[in-house]
Amino acid sequence: SVADAVVTTDASGRIEYLNPVATVMTGWPPELVRGALYGEVMLRRDVDSGAELPDPVALCLHLRDRPALPHTVMLRDRHGGEHPIHESVAPMVDAAGGLIGAVATFQDVSQAHALAVQLAHQAQHDGLTGLPNRLLLRDRLQQCLQMARRNGHRFALLFMDLDHFKQVNDQLGHACGDELLRQVAQRITSTLRASDTACRLGGDEFVVLLPQIDRIDDAGGAARHVLREVVR
């Protein structure tokens, strides 16, 4: 009746039992994984870095206590699919206090994770053009400053706005003005490298961050390239 996935192991961290929810989530029937180490079957990675995470059951058995685990991890199922989960692992002891194994429980939080990703994207991007906004630009600019101080790299910041944009809104309507901004955003991004950032500050103001340039003249060359594409 438990809605969460439940997996139990022996004192060496080898799987003894999976409940039906765990079988559905992982794709592993109990008879195929019984006796295998938890960490060899339940492959988990960090949500942000993608790095493989150590076996939490082995850590639990070593500590004889609940280990501190990331809030959310990505669990890879038998078929290669991945699911964001909340996970908890606890030791199991007998009446005499002897360690007899561990129990891991986890729940699929795909909907909550997708909503969190969506909200984070909305918080850092302009709703009209989809470009990064001031918040994300500030973060990437700080990274550039740190790299410049540490390694002596040059970077460039280009500011631009649209001449007579108010006339477009006044004479053709805001729908045309919005479409113009979207088209300009697309043309700006088409000229940039994958490492560059185009940002809409608001209104008709745009910023382009070039995180690494070899010469100061490269900034002027990039600016001319952007302008040629926008006015073509």
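The values are calculated or read from the model by the stated rules, or taken from the named source; none is laboratory data. Quick caveat: nothing in here was measured; it's all calculated off a predicted structure. Here the Cβ positions follow ideal geometry from the backbone for every residue, glycine too, while neighbour counts run over all protein chains shown. Side chains are part of the model used for accessible areas, which takes the heavy atoms of the whole protein and leaves out ligands, DNA and RNA. Shrake-Rupley method; radii C 1.70, N 1.55, O 1.52, S 1.80 Å.
Details
- Three-way shape label, the stretch 110-172, alpha-carbon gyration tensor, a/c 1.5: oblate
- Considering helices alone, the calculated mean residue ellipticity of the chain at 222 nm is -12500 deg cm²/dmol, with DSSP H runs of length four and up weighted by -39500 (n - 2.57) and normalised per residue.
- Pairwise FRET efficiency - ALA90 versus VAL24, Cβ, R0 = 22 Å, nearest 0.05: 0.50
- Candidate values (i) 52, 33, 28; (ii) 80, 44, 27; (iii) 75, 42, 24, label of the one derived for Cα extents along the principal axes in Å: (ii)
- Potential extension, LEU119-ALA175 segment - 0.36 nm per residue separation minus Cα distance: 17.6 nm
- Accessible surface, per residue, of the stretch 98-232 when the full set of protein chains is kept, probe 1.4 Å, Å²: 61
- Expressed as a whole percent, the accessible area of the chain that falls on carbon and sulfur atoms is 53 (1.4 Å probe).
- Förster radius 30 Å - calculated FRET efficiency between ARG182 and ARG78 (Cβ-Cβ, nearest 0.05): 0.10
- Here the spin labels are modelled as points 7 Å beyond Cα on the Cα-Cβ line, and at GLN212 and GLU40 they lie 4.1 nm apart.
- The alpha carbon gyration tensor of the stretch 43-172 gives principal lengths a ≥ b ≥ c with a/c of 1.5 or higher and a/b greater than b/c, which makes the shape prolate.
- Nearest-0.05 FRET efficiency for GLN111 and HIS153, computed from C-beta distance (R0 41 Å): 0.50
- Theoretical gain in end-to-end length, TYR17 to SER195 [0.36 nm per residue, Cα-Cα removed]: 59.4 nm
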